[in-house]
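The values are calculated or read from the model by the stated rules, or taken from the named source; none is laboratory data. As the structure is a computational prediction, the values presented were derived from the model and not from experiment. Here the Cβ is made from the backbone with ideal geometry for all residues, glycine too, and neighbour counts use every protein chain on show. Just so you know, the surface numbers come from the protein's heavy atoms only, side chains and all, with ligands and any DNA or RNA stripped out. Shrake-Rupley method; radii C 1.70, N 1.55, O 1.52, S 1.80 Å.
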Amino acid sequence: MSIQPCALPENLLFIAGEWRKGRGAPIESRFSADGSLNRVIDGASREDGIAAIEAAVKAQADPAWRALKPHERARFLYRIADGIDANAGRIAWIQSRDTGKTLRETAALAASAAGTFRYFGAVCETTDSDMTAQRGDALTLSLHEPLGVIAAITPWNSPIASDAQKVAPALAAGNAVILKPASWSPLVALELARIIEESGLPKGLFSVLPGSGAEIGNLLVEHPSIAKVSFTGGTATGRRIAMKAAEKLMPVSLELGGKSPTIVFEDCDMDLAIAGILFGIFSSSGQSCIAGSRLFVQRSIYDAFVARLVEATERLVTGHPHDAATQVAPLVHPDHRASVEGFVARAVADGGQVLTGGRRPDDPALAGGAYYLPTIIAGLGNDAELCREEVFGPVLAVLPFDDEADVIAKGNDNQYGLACGIWTRDFPKGWRVARAIQAGTVWINTYKQFSISTPFGGDKESGMGREKGRAGMLAYTRQKSLYQDLSGQPHPWARWPGA
C-alpha cells in the first residue's frame, strides 16, 4: 500500500446526506507527534443534530431503503468496503495525523474496516428468518426487523475500525446511522462519510456529527427518535448513557474500560510470552481498552522473567509515527500524556518501583510531541490505583502469584472484565483458568488477536452487549413473531350455543 501525504478533509460536516458547515463550537485536530495543526473544523450544533435525526427517520422509513431485499442492501456495504480499500493509503495517512498512530497500525485499521463492511454485507444477505416448531394449527415464524435510527458514538483511539464495527452491522440490519466521532479524532469519520456517499447509499441514512458530548452526545441519547445507542468509551460516560437509556426503555451496547490481567505460569514459553506481553500493553502506545496492563507472573520465575521483560522493553523503538522502525508512537494529546504521568507519579508515591520508563524520552527530536516511554512498575499490591484503574497508556504493573487459585482470585479482583491473556504450555490448565476468569475475551498463548466473525464485549463494568459476529447485526434489530393460521376455522371460543 502506498501511503503518501494528502489533503485533509475540508471544514464541512456530512449532515443529512449533504456537506455543510457545522454551526457548533470549533474543534481542533492536531498531530500529536509535533503539535502541528491538522485542521480546525466547525463542530455540529444541536440544530445540526436535529436535522440529521429528522432526515434519518425519513430515509429509514422510505421504501427505497426499508423495502430492499437483504442481498440488495448488502451491495451498498460491498461498495463501501471497496471504497475503503481503494482509499486505504489516504485513510491511513489521515488517521495517523489525527491520532498519532504509526502508519503501520493505521493501514491495518483501514484494512480491518473494509473487512468489517464486507463481512456484514455477507451476513446481511445470508441471515435467515426462523420457522419455529409448530405447536398448533399455525405456521410460526421469528423475524428480525430494523430498530430505526442508531446513534454510534466512537472513541479516539482506533476510529476507523470502531466506526466500521458500529456502522456496518447497523446499516446491514436496515437502520439509519448517525455517527458521533470523538473530538480529538474527527477527521477520519468525515473521510468515511465521503466514501459512503460515493457508494450511493440513499441520502439521509448516514450523518457524521463531531461535537461535544454535552451537546451532541446528550441529544443523541435523549432524543425520542433514536432507537438505540452503541457507545465505546469510558465507563463513567457509559453508565450515564445507560441511565438515560433506561428512562426511554431504549437498548444500548456499551463497550467500556478494562484493566486486563495477563497471567504467566512457570511452564510458559518465555520468548512467546514476552513478545505477546509487549504487544499487548505497548502497541498502540497502550491506548487500547484491551491492553494487558496487569501482569501476574508465577513467583518461581518472577525475578528472571521480569528481568528479561524489562530488557526487551528497553529495546522497543519510541519514535515518529511515520518512521517505519517505530513501535511506540506518541499519545493522542498532551492532556492525555499528563493523565498518564499522573498515574505513574501516584504509583511511585504508593510505593511502586519504576523498573523502566516512567518519563518522557530524552531525544530532542521528540520533544515537541506527546511521547511517553514504555513503563514497567513493580512493588504494588493488586489494590493499588495503578492496578485497579484504566491508565490507557504504555504503563504495565507487574505482580507475583503463587498458584492457579491465587491468580484466578487476583485476576478477578477488579471492577472490569474485558480481556485476559494466559501463557502456559499446559493446555488443560490454560483452559481451566480461561473458563474461571471473568472476561469477555480470553487469549491463550497469544494476545490482541481478533476476528470480525467472533463476538467481542465486556463483563462487569467493562460494558454490556457484544459486537462482531452474526449476532452483531441482530443486535441492531427487534424480533417479531408471526402466526399464520392453517386451520381455516373460527376459534372455538367464539362459537355460540347451537352452532
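Quick notes
- Selection of region 25-37 for residues being on the phi < 0 side of the Ramachandran plot and open to solvent by 20 Å² or more (accessible area, probe 1.4 Å) yields A25, P26, E28, R30, D34, S36, L37.
- Scanning region 443-499 for residues that are under 30 Å from D271 (Cβ atoms) and either assigned to a strand (DSSP E or B) or among the aliphatic types (A, V, I, L, M) (or both) turns up W443, I444, I452, F456.
- Test: residue in region 161-176 that is open to solvent by 10 Å² or more (accessible area, probe 1.4 Å), in contact with a strand residue (DSSP E or B) (Cβ under 9 Å, 6 or more places away or on another chain) and not basic (K, R): yes
- Taken over region 311-356, the residue count meeting the criterion of being closer than 22 Å to A273 by Cβ, assigned to a helix (DSSP H, G or I) and open to solvent by 20 Å² or more (accessible area, probe 1.4 Å) is 2.
- Qualifying residue in region 245-266 (condition: closer than 30 Å to V407 by Cα, in contact (Cβ under 8 Å) with a residue 24 or more places away in the chain, of a type in the set (F, W, Y) and touching a strand residue (DSSP E or B) at 6+ places or on another chain (Cβ under 6 Å)): yes
- Residues of region 170-185 that turn out to be under 16 Å from D48 (Cβ atoms) and either free of Cβ contacts under 8 Å to residues at least 12 places away in the same chain or more than 15 Å from the chain's Cα centre (by Cα) (or both), as a count: 4
- Residue in region 93-106 that is open to solvent by less than 10 Å² (accessible area, probe 1.4 Å), farther than 29 Å from P334 by Cα and touching a Leu at 6+ places or on another chain (Cβ under 7 Å) present: no
- Only residues that are more than 20 Å from the chain's Cα centre (by Cα) and open to solvent by 50 Å² or more (accessible area, probe 1.4 Å) were counted in region 433-481, giving 7.
- Test: residue in region 43-64 that is over 30 Å from S481 (Cβ atoms), open to solvent by 50 Å² or more (accessible area, probe 1.4 Å) and acidic (D, E): yes
- Within region 308-355, the only residue that satisfies the criterion of being touching a helix residue (DSSP H, G or I) at 6+ places or on another chain (Cβ under 7 Å) and free of Cβ contacts under 8 Å to residues at least 24 places away in the same chain is V354.
- Test for S129: is it touching a strand residue (DSSP E or B) at 6+ places or on another chain (Cβ under 9 Å) and surrounded by fewer than 24 Cβ atoms within 10 Å (Cβ to Cβ): yes
- L37 being free of Cβ contacts under 8 Å to residues at least 12 places away in the same chain and under 16 Å from S183 (Cβ atoms): yes
- One residue stands out among those in region 396-421 that are out of contact with any Asp or Glu (no Cβ under 6 Å at 6 or more places or on another chain) and among the polar types (S, T, N, Q): the one that is surrounded by the fewest Cβ atoms within 10 Å (Cβ to Cβ), which is N412.
Condition check ((1) surrounded by fewer than 24 Cβ atoms within 10 Å (Cβ to Cβ); (2) at pLDDT below 95; (3) part of a loop (DSSP other than H, G, I, E, B)) across all residues:
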position	(1), (2), (3)
D267	yes, no, yes
D271	yes, no, no
G280	no, no, no
S283	yes, no, no
V297	no, no, no
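- Flag: E389 matches the condition of being open to solvent by 60 Å² or more (accessible area, probe 1.4 Å) and more than 18 Å from F31 (Cβ to Cβ).
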